[in-house]
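Okay, so here's the structure we're looking at.
The values are calculated or read from the model by the stated rules, or taken from the named source; none is laboratory data. What you see is a predicted model, and the numbers here were worked out from it, not measured in a lab. Glycine gets a Cβ as well: all are built from the backbone with ideal geometry, and neighbour counts include every protein chain shown.
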Amino acid sequence: MTSVETLKAMAAAAAVALVQPGMVIGLGFGSTAAHATRLIGERLASGALRDIVGVPCAEGTATLAREMGIPLTTLDEVNAVDLTIDGADEVDPQMALIKGGGGALLREKMVAQASRRVAIIVDESKLSPALGTRFYLPIEVVDFGYRATARWLEAQGGSVRLRVRTDGQPFRTDQGNLILDWACGPITDPAALAARLAARAGIVEHGLFVGLATDLFVAGASGVRHLTR
């Protein structure tokens with residue numbers, strides 16, 4: 001049986017094959033995206049790639065990229081990102097995503113929206129008939145009134161919990177915000193829910209990524225499937 005880490009590495013390798021010399025690359029956050037970042041760094045070191053610059057989606061990604069020798073820039077310093085490679089927590093048949101399990105959803109979405117092409121890399125366990133079936137929906141919120149925001153979310157259905165670290169303290173994003181993990185159940189219309197969440201004061205960002213993925217690499221026991229939208 002193929003291990004999950006092997007599947008992640010397979011999907012990452014397939015996506016990294018899209019990287020060409022001279023590109024600005026969005027570097028995603030999470031265990032699957034880390035495989036892609038390491039592989040890009042290895043190919044730069046070997047000379048198989050050149051003139052690559054990365055835009056990291058999280059401080060943790062920036063640290064890994066520097067360790068791998070990948071030159072970095074920011075969204076403020078580039079006109080566009082040629083290709084972003086990132087993972088996902090759940091993917092529906094229309095290639096809509098839930099992201100934010102690692103807490104980097106705001107920066108990940110900003111980089112994705114600035115990208116000409118967004119390649120999502122997953123193992124087949126992340127595929128779902130409807131978003132919210134297998135994974136909670138992360139909601140990044142400000143401290144002020146976060147309990148009121150949680151009550152509003154619960155009024156929409158489901159349950160909400162404040163994300164905490166292993167030491168019991170509230171988890172903080174790179175922006176210093178809190179995350180509410182909303183077990184909302186299957187989402188029938190991700191775009192409509194995304195619009196409702198975006199309109200609610202106190203919500204900084206949500207983990208629904210709708211219409212952003214252009215390529216999906218799904219690794220399974222039989223190999224890697226490449227789907228496009």
Residue list for the range 36-62, filter: of a type outside the set (G, A, S) and surrounded by 22 or more Cβ atoms within 10 Å (Cβ to Cβ) | T37, I40, V55, P56, C57, T61
Starting from residues that are hydrophobic (A, V, I, L, M, F, W, C) and in contact with an Asp or Glu (Cβ under 7 Å, 6 or more places away or on another chain), keep the ones in the range 204-221 and report whichever is surrounded by the fewest Cβ atoms within 10 Å (Cβ to Cβ).
-> V204
Restricting attention to the range 160-188, which residues are surrounded by 12 or more Cβ atoms within 10 Å (Cβ to Cβ) and either within 25 Å of M95 (Cα to Cα) or among the β-branched types (V, I, T) (or both)?
-> V160, V164, T173, I179, L180, D181, W182, A183, C184, G185, P186, I187
Residue ID - nearest to the chain's Cα centre (by Cα), chosen from residues in the range 126-146 that are of a type outside the set (A, V, I, L, M, F, W, C) and exposed (fewer than 13 other Cβ atoms within 10 Å of the Cβ) | P129
Restricting attention to the range 181-192, does a residue exist that is in a helix (DSSP H, G or I) and either within 19 Å of the chain's Cα centre (by Cα) or not assigned by TED's automatic domain parsing to the domain that holds R147 (or both)?
-> yes
Mind checking which pairs have a first residue in the range 139-167 that is free of Cβ contacts under 8 Å to residues at least 24 places away in the same chain and a second that is in a helix (DSSP H, G or I), Cβ under 6 Å, 6 or more apart or different chains?
-> V160/A150; V160/L153; V160/E154
